[in-house]
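**Student:** This is the structure, below, for whatever I ask next.
The values are calculated or read from the model by the stated rules, or taken from the named source; none is laboratory data. Since we're looking at a predicted model, the values are computed, not measured. Every residue, glycine as well, gets a Cβ built from its backbone with ideal geometry; the counts of neighbours run over all protein chains shown. Side chains included, ligands, DNA and RNA excluded: accessible areas come from the protein's heavy atoms. Shrake-Rupley method; radii C 1.70, N 1.55, O 1.52, S 1.80 Å.
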Amino acid sequence: MRIGITQRVITIEETGERRDSLDQRWTSLITGLGFTPILLPNMISDINAYLNDVKLDGVVLTGGDDILEYATESSSTPERDKLEQALIEYCLYEDLPLIGICRGFQSIVNHFEGKLKSIKHHVGTRHEIRLDESFIPGAKKIITVNSFHNLGIFQDDLPPDLEAQAWADDGTVEAATLNDHKITGIMWHPEREEPTTDWDKALLMNVFDRHTF
């Protein structure tokens, strides 16, 4: 399977260069699951034509950067925002699986007109979350995950089409799925776990219709 992976934008202050960048652990994770990673550049003028050419089987919206109106002038990445919103629409139209990781989940929520709110105690920490019993095959009801976000989603701010699948103790939604579509969002980072946890492997295999793990 060919899995498209989005990249964060890094600005080199000395030269003014804006570079696409991806944590190398994503390549290790995706190839370790038997998939082929296809890195998606942010500066594509005709996104749909490009996606038709590369023929993806699924998409990962990775973390990093701030989205849309939640970004400051210095952290704004409009080229990435445009790409990721187009990817969500493309996956909906083509019925392709997509998973959003942290910022990627926030992009999904924003796409369907949900709200994000500033939260505390979710940056650079680990905490327990409670899972819906059907969300990750074989996982325990309570698992411990990493956390690197300062924008969160509360149940009342979740778009109607998204169904919550995991919750932190403070009531923020840690995962959700889109009704009747292959769209999933989570707030933690599977690629930052070394080794990758069994539940993250199971989750990704389930998202991309590989029920062999």
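**Student:** When segment 161-170 is examined, which residues are found to be surrounded by 14 or more Cβ atoms within 10 Å (Cβ to Cβ) and either of a type in the set (D, E, K, R) or touching a residue at least 40 places away in the same chain (Cβ under 8 Å) (or both)?
**Tutor:** Hits for segment 161-170 are D161, L162, E163, A168.
**Student:** Got at least one residue in segment 152-160 being open to solvent by 30 Å² or more (accessible area, probe 1.4 Å) and touching a strand residue (DSSP E or B) at 6+ places or on another chain (Cβ under 8 Å)?
**Tutor:** Yes, the conditions are met somewhere in segment 152-160.
**Student:** Against the conditions (1) modelled with pLDDT under 95; (2) under 20 Å from F208 (Cα atoms), where does L39 fall short? Just the number, please.
**Tutor:** Unmet for L39, out of (1) modelled with pLDDT under 95; (2) under 20 Å from F208 (Cα atoms): (1).
**Student:** What are the residue pairs meeting all of these: first residue in segment 45-59, first residue within 21 Å of D209 (Cα to Cα) and of a type in the set (D, E, K, R), second residue at pLDDT 95 or above and open to solvent by 80 Å² or more (accessible area, probe 1.4 Å), Cβ atoms under 6 Å, and 6 or more apart or on different chains?
**Tutor:** What qualifies is D57/R2.
**Student:** May I pose another question? Would you mention how many residues in segment 17-61 are buried (at least 17 other Cβ atoms within 10 Å of the Cβ), more than 15 Å from the chain's Cα centre (by Cα) and in a loop (DSSP other than H, G, I, E, B)?
**Tutor:** Residues meeting the conditions: 4.
**Student:** Taking the criterion of being at pLDDT below 95 and of a type in the set (A, V, I, L, M, F, W, C), would at least one residue in segment 157-170 satisfy it?
**Tutor:** no
**Student:** Take S134 and decide whether it is under 27 Å from M1 (Cβ atoms), out of contact with any Gly (no Cβ under 6 Å at 6 or more places or on another chain), of a type in the set (G, A, S) and exposed (fewer than 15 other Cβ atoms within 10 Å of the Cβ).
**Tutor:** Spelling it out, S134 is indeed under 27 Å from M1 (Cβ atoms), out of contact with any Gly (no Cβ under 6 Å at 6 or more places or on another chain), of a type in the set (G, A, S) and exposed (fewer than 15 other Cβ atoms within 10 Å of the Cβ).
**Student:** Quick check on my filter: what residues within segment 65-85 are more than 19 Å from I183 (Cα to Cα) and either part of a helix (DSSP H, G or I) or touching a Cys at 6+ places or on another chain (Cβ under 8 Å) (or both)?
**Tutor:** L68, E69, Y70, P78, E79
**Student:** Spot the failing condition for Y93; the list is (1) in contact (Cβ under 8 Å) with a residue 24 or more places away in the chain; (2) out of contact with any Phe, Trp or Tyr (no Cβ under 9 Å at 6 or more places or on another chain); (3) in a helix (DSSP H, G or I); (4) closer than 14 Å to K182 by Cβ, and only one is missed.
**Tutor:** Of (1) in contact (Cβ under 8 Å) with a residue 24 or more places away in the chain; (2) out of contact with any Phe, Trp or Tyr (no Cβ under 9 Å at 6 or more places or on another chain); (3) in a helix (DSSP H, G or I); (4) closer than 14 Å to K182 by Cβ, only one is false for Y93: (1).
**Student:** Here's a follow-up. In segment 88-118, which residues are surrounded by fewer than 18 Cβ atoms within 10 Å (Cβ to Cβ) and closer than 13 Å to T172 by Cβ?
**Tutor:** K115, K117, S118
**Student:** Given V173, V207, which one is without any contact (Cβ under 8 Å) to a residue 40 or more places away in the chain and either more than 27 Å from I119 (Cβ to Cβ) or among the aliphatic types (A, V, I, L, M) (or both)?
**Tutor:** On inspection, the qualifying residue turns out to be V173.
**Student:** How many residues, within segment 172-213, are of a type in the set (D, E), open to solvent by 70 Å² or more (accessible area, probe 1.4 Å) and in a loop (DSSP other than H, G, I, E, B)?
**Tutor:** Within segment 172-213, residues that are of a type in the set (D, E), open to solvent by 70 Å² or more (accessible area, probe 1.4 Å) and in a loop (DSSP other than H, G, I, E, B) number 3.
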